[in-house]
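This report refers to the structure that appears directly beneath it.
The values are calculated or read from the model by the stated rules, or taken from the named source; none is laboratory data. Every value quoted in this text rests on a predicted model; they were computed, and no experiment measured them. Here the Cβ positions follow ideal geometry from the backbone for every residue, glycine too, while neighbour counts run over all protein chains shown.
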Amino acid sequence: MSVPLFRPFPGLRPTPATASQVAAAPYDVLSSDEAREMAAGRPHSFLHVSKPEIDLPPGVDAYSPAVYAKAAENLNSMMAAGVLVRDAGPCFYVYRLKMGGHVQTGIVGGASVAAYDANRIRKHEFTRPDKEDDRVRQIDACDAQTGPVLLAHRDTPEIAAAVAAVTAGAPAYSVTAADGIEHTLWVMDGEAGIKAVAKAFDAMTAVYIADGHHRSAAASRVAMVRRERKCCASGEEAYESFLAVSFPLHEMKIFDYNRVVTDLNGLSPEAFLSALEAGFTVEPVPEPAKPAQARRFGLYLQGRWYRLGLKNPPPADPVARLDVSLLSERLLGPVLGITDLRKDKRIDFVGGKRGLGELERRVDSGEMACAFALYPTSMEDLVAVADANQVMPPKSTWFEPKLADGLVSYPLDWR
């Protein structure tokens, strides 16, 4: 028997009294030092599970066996203390994120590993083996998935109605994080709502990974190994799904992912600007050149902003027509000699939430020679790339707001 595309599960989550103490920033946006500072004086912070090296001597290898053992120890301690409690039966959860005036509301459930393996849960990024290995060890040590994968789906009336019915009631808890983002969780345990949501997801041709490619790849590897170990597997085991939160495509918010470069590849500023004219219109402007549409770019150089416009139309290929690809193929490569965004140390990336002021700061400080402001990649572009079974260039999307760790975890020992 196959597992549904999205199924309910008995979540492991904080009590209402401890939710604000437990909720933590995602493990992959913090350094060990930042996590140690954020968790100071907070013994119930989920960072003790997601970044367990903070409870070991400074300088410990974050990938050492002791780190994963500490994660399991801390998770078990939080359960033993009643800080984290498992729901009695399988549920979906409704998760709402509010960032200023932006609101998005999604479903927390177990996403099918088989659907992921069959590319029905579609990817748009390559993964790195070392990062996959890290998540595999974390999942195995904790016997749980503690970091949710961010998915996107095409909304349906059935899901919208089920969400509206649940959110009309009181939430299990609402937490405002240090960055001002509100995280609100409701429990969907009614049989009618659960059936409607599961049926609606099963009818979908595909859903899309927005963030969490390493977590989903690791879940697939864990499932494969456990499947091989288990005699007479039913196909419905907990490990056949992974923790995910899926939001409607139209509610997702992608920020720009900007670029800063250390030098001009031996060119003077004047020669650099002249070289750009082969592929772009170059217009100096008195204010920060934040692109208002796709195929437009901002350049910050020597304390001045320039607006760049593409001279020739983009190709039809879903990857080649992305602004991040056009900047690479028509400027970073031919003019600045940067051809490998993954390995070249001359380029760095700045999430758009930091604003264009961060680009100015890094250039004005002398750390960088120039900066490029991009228009955000759209969800439609992401879907087109994933549907074409292609991958985006590195650092193409920056999703905000981000999910919190710890509000719901997925145990692998149920059923």
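Might you check whether a residue that is part of a loop (DSSP other than H, G, I, E, B) and touching a Lys or Arg at 6+ places or on another chain (Cβ under 7 Å) occurs anywhere in the range 150-170? No, the range 150-170 has no match at all. Against the conditions (1) surrounded by 13 or more Cβ atoms within 10 Å (Cβ to Cβ); (2) in a loop (DSSP other than H, G, I, E, B); (3) among the aliphatic types (A, V, I, L, M), residue 244 satisfies every one except (2).
Here the condition is being within 15 Å of the chain's Cα centre (by Cα), part of a helix (DSSP H, G or I) and in contact (Cβ under 8 Å) with a residue 40 or more places away in the chain; of 217, 210, 198, 223, it holds for 217 alone. Of the residues making up the range 314-334, those that are assigned to a loop (DSSP other than H, G, I, E, B) and surrounded by 20 or more Cβ atoms within 10 Å (Cβ to Cβ) number 2. Against the conditions (1) buried (at least 17 other Cβ atoms within 10 Å of the Cβ); (2) part of a loop (DSSP other than H, G, I, E, B), residue 266 satisfies every one except (1).
Listed here are the residues, each with its yes/no results for (1) touching an Asp or Glu at 6+ places or on another chain (Cβ under 8 Å); (2) assigned to a loop (DSSP other than H, G, I, E, B); (3) in the same structural domain as residue 235 (by TED's automatic domain parsing); (4) without any contact (Cβ under 8 Å) to a residue 24 or more places away in the chain.
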residue	(1), (2), (3), (4)
20	no, no, yes, no
41	no, yes, yes, yes
44	no, yes, yes, no
96	yes, no, yes, no
109	no, no, yes, no
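Can you tell which of 339, 377 is farther than 21 Å from residue 123 by Cα, among the hydroxyl-bearing types (Ser, Thr, Tyr) and either touching a helix residue (DSSP H, G or I) at 6+ places or on another chain (Cβ under 6 Å) or part of a loop (DSSP other than H, G, I, E, B) (or both)?
Numbers: 377 fails: farther than 21 Å from residue 123 by Cα.
Matching residue, one of 339, 377: 339.
Among the numbered conditions (1) in contact with a strand residue (DSSP E or B) (Cβ under 7 Å, 6 or more places away or on another chain); (2) loosely packed, with under 15 Cβ neighbours inside 10 Å; (3) over 20 Å from residue 25 (Cα atoms), the only one that residue 103 does not meet is (3). Per the conditions (1) hydrophobic (A, V, I, L, M, F, W, C); (2) at pLDDT 95 or above; (3) surrounded by fewer than 18 Cβ atoms within 10 Å (Cβ to Cβ); (4) touching a Gly at 6+ places or on another chain (Cβ under 9 Å), the sole criterion not satisfied by residue 255 is (2).
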